[in-house]
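Comments concern the structure below.
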Amino acid sequence: MTLGQCRSLLRPFLQMPQARDFLAPVDPVALNIPDYPTVITHPMDLGTVEQRLDRKEYTDAGGFVRDMRLVWSNAITYNPVGTPVHAAAAALSAEFEKRLLATIEPAFATG
């Protein structure tokens with residue numbers, strides 16, 4: 001998968017209403033969740049992923065995929081089952097995996 005395909009994969013997530021909580025870094029002070037940095041030691045958000053793509057900080061698609069998965073896993077880890085953020089993260093994670101597979105499958109089908 002190319003970095004251009006990574007950008008194409010990210011773009012729709014930036015526009016999804018259910019992704020609004022994942023567009024910027026979590027602010028533990030503003031959200032009054034002081035334990036967040038202790039629980040989540042490697043924070044990640046979609047805006048940071050986009051910046052890393054823009055700045056060409058990813059050397060391959062693997063770093064992009066790891067960061068996208070980290071966005072969802074952090075939210076699922078921190079937010080209890082049944083909360084809107086947990087539910088949104090689980091749904092977006094499933095959607096990302098579906099779109100990722102659709103992006104990479106054609107490369108294997110032509111082999």
The size of the Cβ-based charge dipole (Lys, Arg +1; Asp, Glu -1) of the chain about the Cα centre, to the nearest 20 debye, is 240 debye
Roughly speaking, to the nearest percent, how much of the chain's 1.4 Å accessible area is carbon and sulfur? 58 percent
So which DSSP H runs in the chain come out at 18 Å plus along the axis (Cα) with average Kyte-Doolittle of at least -0.5? 3-15, 61-78, 84-109
Over the chain, equivalent-ellipsoid semi-axes from the Cα gyration tensor in Å: 26, 16, 12
Exposure ranking of Leu31, Leu10 by accessible area [1.4 Å probe, largest first]: Leu31, Leu10
Of all trypsin sites (Lys or Arg not before Pro) in the range 1-107, which ones are in loop regions per DSSP and have a Cβ with at most 14 other Cβ atoms within 10 Å? Arg55, Lys56
Do the sum for the chain: with -39,500 (n - 2.57) for every DSSP H run of n ≥ 4, divided by all residues, what is the mean residue ellipticity at 222 nm, to the nearest 500 deg cm²/dmol? -20500 deg cm²/dmol
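The values are calculated or read from the model by the stated rules, or taken from the named source; none is laboratory data. Just so it is clear, the model here is predicted, and its values are computed rather than measured. Cβ: placed from backbone, ideal geometry, glycine included. Neighbour counts: every protein chain shown. With ligands, DNA and RNA removed, areas are computed over all heavy atoms of the protein, side chains included. Shrake-Rupley method; radii C 1.70, N 1.55, O 1.52, S 1.80 Å.
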